[in-house]
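This report concerns only the one structure given below.
The values are calculated or read from the model by the stated rules, or taken from the named source; none is laboratory data. Quick caveat: nothing in here was measured; it's all calculated off a predicted structure. Reconstructed Cβ throughout: ideal geometry from the backbone, glycine too, with neighbour counts over all protein chains shown.
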Amino acid sequence: MTDPGPPPGPPHDGLPTPAYRYDLDEVRRSHQRLMRALPAPSTLYYSLKANPHPAIVTALRQAGCGAEVSSPGELRTAIDCGVPPAQVIYTAPGKQDSAVAAAITAGAGLISVDSPLALDQVDAVASALGRTARCLLRVNDTSPAPGQAMTMTGEASQFGADVEWIGAEPRWFGSRPAAEVVGLHLFMGSNVADEDALVAQFAQAIGTAWRLAEAGVVNLEVLDLGGGFGAPFARRGELPAFPALAARLGCLLDERFPDWRAGRPAVAFESGRYLTATCGTLLCRVLDVKRSHGRPVVVLESGINHLGGMSGMRRLPPILPDLGGGTAAGEPMRDVIVSGPLCTPLDTWTRVATLAARPGQVLCVPNVGAYGLTASPLAFLGHPAPVEVVIDGGEVSHVSRLTVTREVIR
Ligand SMILES: Cc1ncc(COP(=O)(O)O)c(C=O)c1O
């Protein structure tokens, strides 16, 4: 583990720590980079689960993204940030009736459904509201696509309906009076950095969609191919480049769907981490430096409550952060245990850091704009959340702090 140097961008002087800093210019650059890697015409949905900060959602809406949301809270954020409801897709393997009602009432353009029961649910809720919902049928393919850091389908999972099941019982997956099935959703996995692996995954998805359409299971107006575009997490590094992806995907689509360039079907992709990972830096101070049983220990203001909390659940890559700013404090120590302030041994980012540190010094973790703060158990022990500082055009444009509050129900 090496020191990535001082934090990039304007100084953090005057702002409290810990702090997440998000650079909107970098969000815009990442968006342009991904759009260049996608075949045209296609729609890109920003997955708010990566980072629902309103400034980021607004910047991506202004850049032309729709929103992929998975909860009533994300739905509200997307709408509040000006995403046109027709450009919202609501996806989740289980949805309460109230969530489905919120999506339909807001006018969400698409609802992804994962089973016949889920289709019945949308039908019942839409019909009670006097509306009709447009649905995508999420498909769980026969085998996982290779090369994924996190496989979501192609194995037993809560996501989607197995392709064999759909083939065997097509009636169960057809349109209902108030829930029209207008296409397919094939999000197969996440964090793929290799272009060949992405092409293989999309080739598999396109083939599966074509077979289901040929069999008359679905009238394919919309083909949402998901995403899985990889990005660095808490480590130095650049976004992966996919120089030939657009052309290769265009050819694959041409072979199976000759009219896709005219919007039949309309092709869509989803991305969270690629769009936001590199915009974010976590700045946190060293609280204590000591030795324990012969090992150096550095205790920080931030631990798994602020970053990497979901690594233990395999939702994120294991946390092994590059800690910048650590060279200013003298000779580096080896095999440093880097922990947070929580009263649990789980609150350890790494036990093998090479780091110079002194109390009060600010360290920074790069590339944590995706799955940072809101992917962490913020309520555990009740420390205040880091402030979130938005930088736009090199200037601080917004500073806020997320709070966890208790609502009294009775
Ligand atoms: C359906 C769906 N879409 C999009 C995403 C976003 O993935 P990523 O942030 O890796 O782009 C996920 C992540 O789990 C997902 O489940």
* To do: Go through segment 29-52 and give me each residue that's farther than 23 Å from residue 243 by Cβ and surrounded by fewer than 22 Cβ atoms within 10 Å (Cβ to Cβ).
  => 49
* Structure fact -> Within segment 322-338, the count of residues that are at pLDDT 90 or above and either among the aromatic types (Phe, Trp, Tyr) or under 18 Å from residue 233 (Cα atoms) (or both) comes to 1
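Looking at the structure I just gave you, is residue 151 in contact with a helix residue (DSSP H, G or I) (Cβ under 9 Å, 6 or more places away or on another chain), under 26 Å from residue 215 (Cβ atoms), at pLDDT below 95 and polar (S, T, N, Q)? Break it down into steps so the answer makes sense when it comes.
Values: in contact with a helix residue (DSSP H, G or I) (Cβ under 9 Å, 6 or more places away or on another chain): no; under 26 Å from residue 215 (Cβ atoms): yes; at pLDDT below 95: yes; polar (S, T, N, Q): yes.
For residue 151, the condition - in contact with a helix residue (DSSP H, G or I) (Cβ under 9 Å, 6 or more places away or on another chain), under 26 Å from residue 215 (Cβ atoms), at pLDDT below 95 and polar (S, T, N, Q) - is not met.
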* Structure fact -> Going through segment 64-86 in order, the residues found to be buried (at least 18 other Cβ atoms within 10 Å of the Cβ) and either of a type in the set (Phe, Trp, Tyr) or more than 13 Å from the ligand (Cβ to nearest atom) (or both) are 72, 75, 77, 78, 79, 81, 83
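Just checking, which of 126, 179, 156 is more than 15 Å from the ligand (Cβ to nearest atom), at pLDDT 95 or above and out of contact with any Cys (no Cβ under 9 Å at 6 or more places or on another chain)? Explain how you work it out, then say what you get.
On the way: 179 fails: out of contact with any Cys (no Cβ under 9 Å at 6 or more places or on another chain); 156 fails: at pLDDT 95 or above.
It is 126.
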* To do: Filter segment 337-372 for residues that are over 20 Å from residue 299 (Cβ atoms) and either touching a Pro at 6+ places or on another chain (Cβ under 8 Å) or among the hydroxyl-bearing types (Ser, Thr, Tyr) (or both) and give the result.
  => 366, 367, 371
* Are any residues in segment 213-244 surrounded by 20 or more Cβ atoms within 10 Å (Cβ to Cβ), closer than 18 Å to residue 255 by Cβ and more than 12 Å from the ligand (Cβ to nearest atom), and if so, which ones? -> 220, 223
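Pull up segment 270-296, narrow it to residues that are among the β-branched types (Val, Ile, Thr) and in a helix (DSSP H, G or I), then point me to the one that is farthest from residue 59 (Cα to Cα).
Of segment 270-296, the ones among the β-branched types (Val, Ile, Thr) are 276, 278, 281, 286, 289.
Next cut, in a helix (DSSP H, G or I) only: 276, 278.
Details: 276: 11, 278: 15 Å.
If we take residues in segment 270-296 being among the β-branched types (Val, Ile, Thr) and in a helix (DSSP H, G or I), then 278 is farthest from residue 59 (Cα to Cα).
Being surrounded by fewer than 24 Cβ atoms within 10 Å (Cβ to Cβ) and either within 16 Å of the ligand (Cβ to nearest atom) or touching a residue at least 24 places away in the same chain (Cβ under 8 Å) (or both) is the filter here; which residues of segment 53-63 pass it? First the steps, then the outcome.
Let us first name the residues in segment 53-63 that are surrounded by fewer than 24 Cβ atoms within 10 Å (Cβ to Cβ), namely 54-55, 58, 61-63.
Scanning segment 53-63 gives 54, 55, 58, 63.
Picking from 211, 235, which residue would you name as being of a type in the set (D, E, K, R), assigned to a helix (DSSP H, G or I) and in the same structural domain as residue 266 (by TED's automatic domain parsing)?
Numbers: 235 fails: assigned to a helix (DSSP H, G or I).
Only one candidate qualifies: 211.
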* **residue 280, sole failed condition from (1) free of Cβ contacts under 8 Å to residues at least 40 places away in the same chain; (2) within 16 Å of the ligand (Cβ to nearest atom)** => (1)
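Could you tell me whether segment 297-310 includes any residue that is in contact with a Gly (Cβ under 7 Å, 6 or more places away or on another chain), of a type in the set (Val, Ile, Thr), closer than 19 Å to residue 339 by Cβ and assigned to a strand (DSSP E or B)?
Taking segment 297-310 first, the residues in contact with a Gly (Cβ under 7 Å, 6 or more places away or on another chain) are 300, 302-305, 307.
Pick out the ones that are also of a type in the set (Val, Ile, Thr) and you get 304.
Pick out the ones that are also closer than 19 Å to residue 339 by Cβ and you get 304.
Next, from what is left, pick out any that are assigned to a strand (DSSP E or B): none.
No: zero hits.
From 129, 137, 110, which residue is surrounded by fewer than 16 Cβ atoms within 10 Å (Cβ to Cβ) and in contact (Cβ under 8 Å) with a residue 12 or more places away in the chain? Let's see the steps before the verdict.
Details: 137 fails: surrounded by fewer than 16 Cβ atoms within 10 Å (Cβ to Cβ); 110 fails: surrounded by fewer than 16 Cβ atoms within 10 Å (Cβ to Cβ).
Answer to the selection: 129.
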* **Matching residues in segment 192-207 - criterion: being within 16 Å of the ligand (Cβ to nearest atom) and either surrounded by fewer than 23 Cβ atoms within 10 Å (Cβ to Cβ) or outside the structural domain of residue 159 (by TED's automatic domain parsing) (or both)** => 193, 194, 195, 197
* Please note which helices (runs of 4 or more DSSP H) are completely contained in segment 52-143 and include at least 3 residues that are under 19 Å from the mean Cα position of the chain (by Cα). => 54-63, 72-80
* Selected residue [farther than 21 Å from residue 70 by Cα and out of contact with any strand residue (DSSP E or B) (no Cβ under 8 Å at 6 or more places or on another chain)] from 283, 287, 252, 320 -> 252
* Asked: Is it fair to say residue 27 is β-branched (Val, Ile, Thr) and either more than 16 Å from the ligand (Cβ to nearest atom) or farther than 24 Å from residue 110 by Cα (or both)?
  -> yes
